[in-house]
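I have placed the structure first, in the form of C-alpha cells, so that the comments after it can refer back to it.
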Amino acid sequence: MADFEVPETREFPVIPTIMEGAMAHSSPYLAKEKFQQELGFPGDGQLIDGWKETFLNKLAEMLGKYRSLQVFMDICVKCGACTDKCHYFLGTADPKNMPVARQDLLRKVYRRYFTLPGKLFPKLVGAIDLTEEVIDDMYSYYHQCSECRRCSVFCPYGIDTAEVTMAARDILAHIGKGQKYSNEIIAKVHKIGNNLGLPEPALADTLEGLEEEVEEDIGVKVRYPLDEKGADILLVTPSADFFAEPHVDGLIGYGKVFHAAGVSWTISSKASEAANFGLFIGNYENMREISLRIREAAKELGVKRIIFGECGHAWRVAYNFLNTLAGPWDFLDPNYPVPQHILEFTSDCLDRGILNIDKSQNDHMTLTFHDSCNIARASRIGSFPGSQFTIPRKVIKAVCNNFYDMAPETIHDSTFCCGGGGGLLTDDLIELRIKGALPRMEALKNVIAENGVTHMAAICAICKSQFTKVLPYYGMTMDQIVSVHQLVSNAIILEGQGEEDEDEDETDEAA
Ligand code: SF4
Ligand code: SF4
C-alpha cells in the first residue's frame, strides 16, 4: 500500500533511536507564480532576487511586531523537555523533528544576524549563515510541523513552536517559497468562498439534495437553508461538511438540532467555509481577508448570531481572533457569544431538555473521542476552564451508551495530533502524515483492545479527513471515524419522525 514503511504500533510509547536525515526528503510542492501572486507573495517557487535581504528584513519586522517570537528566539535553555513530545519525531525518528531542533532552524539564523555574540563568535553560540541549504532545510522541516502546540504544553518556558513555524512559513512565502496546497486553497476561498471552489449553484443543489435525503430517511422535512435573509443564525462550517463522509453526517446533525430547537438558520454562499488556512501559512493579511467574508455575509443576511460547525483550526481562529480580524460585532445579538460553537448550542439544548434523545440508536458503536489540537490547546468551547474537554464528552455521553477515553497522557491538552493538521493534509506529504499519526493510532488501538471501542469521534474536518486516510494503513477501516453530530443525528428523534412508517404498518395490519 505504501512505498515507505508504516511504523509498528506498540502497547507502550517508545522514544525512537535517532535516524539523522530520515525525513530530509519530505517537502511539499511549491506554489507556482499565480498562487503566490494571488496571496500577495512574490516569486514562483524559486528564490527571488535579493532573497537574503528580504528574509532578514521580514524576520526583523516580525521580531518587532510579535514580542512572543522575540522571546521564543531568546529563552530556550535546551532543557530537552520537548524533544520526545512531537508526534512527527515519535513517528519518523528524525532529530530535526524534535521541537527544539525545529525552532533552532530559525533561531540559529536569528543569532547570527540579530545578536552580538552571534555576529562576533558565531560558532561559539551555534549561529549559522543564511544559505540556500538552510532555506531548503527550513522549507522541509517547517512543513513537518502541524502547529499542534503539544510541545509547548511540556516546555517549562511555554515556547510555542507552532508560532515559530508560522513565522518561518510566512518569511519563506515572502522570498518565493510558498506552499502549493495551502496557497491554492486560500486563493479559492478569496475567489469563491470555500476551500473546494464550490460555487453557489452547486452548493444550493447539494443542500437541496440533503433535505430530500433526510426527509426520505426520517419522514420529517428538515431544512438546510442557503442565503436566507433574516435568519437568526449564520452557520459557518467547513466545506467538507457539504458532501464528504463522515463530515456530512455531522451537518445533517446540526440541521436536526436547529430544527428541534425551533430556530431559523442559514448557510451563506459567500462565507461557505469555516476553515482559515491563513493561520497555517502564518499570514495575518490572508487570515483577515478570509474572516472578513464572514462579517460581510452576516451583515448582508441580517443574522443575529454566528455559530461554527465542527472544525478545529477554524474554531481556533474564530475563538481567538475573529474580533480582532473582523470585529466589532456590535450588530449581532449581545446575549450570545460571538462566535458560538455548535457543541455549545447542542449542549445548551440538552441542558434545557428540548432534544428527544434515544441513545440506543448508537448502541451498535462503542466510542472514544479524539481531542483536536486547535480546540484542546488553543481555544475553548464554553465558558469555564477545561470546558473544551468536558462539553464534547458530555454531548457524546448524552447520545451514546458506550464511551471510553483513550489513555490520559494522550487526551485533553496532551492530545496527539492526527498527523495532518497545520496545512499538511496533502498527498505530497503522505509519508509524513502516516508516520505522524503513530502515537494517536497506538492510543486508539490500546482502547480498542482494552474496552472494545469500535469508533472514534472527532470535531475537526482535518482530523476526520486524515483519519479516513490513515486508519487503513494501521489495519483499521476508514468508517471507524465519525462526527460528533453524526452521533447526535442518529440519536435525536424529531417530532413526526417515523409517523409515516407507523401509518404504513397500521394500513398493512388493517389490510
Ligand atoms: S507544534 Fe506540534 S508538530 Fe510542531 S513541533 Fe510542536 S509537537 Fe511537533
Ligand atoms: S522544552 Fe522549551 S526550553 Fe526546553 S529545549 Fe524545548 S523549547 Fe527549549
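The values are calculated or read from the model by the stated rules, or taken from the named source; none is laboratory data. Because the structure is predicted, anything quoted here is derived from the model rather than measured. Reconstructed Cβ throughout: ideal geometry from the backbone, glycine too, with neighbour counts over all protein chains shown. Note: accessible area is taken over every heavy atom of the protein model, side chains too, but ligands, DNA and RNA are not part of it. Shrake-Rupley method; radii C 1.70, N 1.55, O 1.52, S 1.80 Å.
Within segment 122-153, track down each residue that is surrounded by 15 or more Cβ atoms within 10 Å (Cβ to Cβ), within 16 Å of ligand 2 (Cβ to nearest atom) and not acidic (Asp, Glu). Within segment 122-153, VAL125, TYR141, TYR142, CYS145, CYS148, ARG149, ARG150, CYS151, SER152, VAL153 meet the criteria. Do we find a residue being touching a Ser or Thr at 6+ places or on another chain (Cβ under 8 Å), acidic (Asp, Glu) and within 15 Å of VAL236 (Cα to Cα) anywhere in segment 338-354? Checked against the condition, which is being touching a Ser or Thr at 6+ places or on another chain (Cβ under 8 Å), acidic (Asp, Glu) and within 15 Å of VAL236 (Cα to Cα), segment 338-354 yields no hits at all. Look at LYS394 and say whether it is within 22 Å of the chain's Cα centre (by Cα) and of a type in the set (Lys, Arg). Yes; evaluated as a whole, the condition is true for this residue.
Taking the criterion of being open to solvent by less than 50 Å² (accessible area, probe 1.4 Å) and either part of a loop (DSSP other than H, G, I, E, B) or farther than 19 Å from GLU132 by Cα (or both), the residues of segment 43-59 that qualify are GLY43, GLY45, LEU47, ILE48, GLY50. Only one entry in ASP160, ASP104 is modelled with pLDDT of 95 or more, within 10 Å of ligand 2 (Cβ to nearest atom) and open to solvent by less than 10 Å² (accessible area, probe 1.4 Å), namely ASP160.
When segment 180-236 is filtered for residues that are part of a helix (DSSP H, G or I), open to solvent by less than 20 Å² (accessible area, probe 1.4 Å) and small (Gly, Ala, Ser), the ones remaining, listed by number, are SER182, ALA187. Considering only segment 60-99, state which residues are open to solvent by 20 Å² or more (accessible area, probe 1.4 Å), within 25 Å of the chain's Cα centre (by Cα) and either away from ligand 2 (no atom under 16 Å from the Cβ) or of a type in the set (A, V, I, L, M) (or both). The answer is TYR66, LEU90, MET98.
Consider segment 22-42 and keep the residues that are in a loop (DSSP other than H, G, I, E, B) and open to solvent by less than 40 Å² (accessible area, probe 1.4 Å). The one that is farthest from GLY420 (Cα to Cα) is PHE41. Exactly one residue among LEU424, LEU471, LEU487 is closer than 29 Å to ASN97 by Cβ, at pLDDT 95 or above, buried (at least 24 other Cβ atoms within 10 Å of the Cβ) and not assigned by TED's automatic domain parsing to the domain that holds ASP84, and that residue is LEU424.
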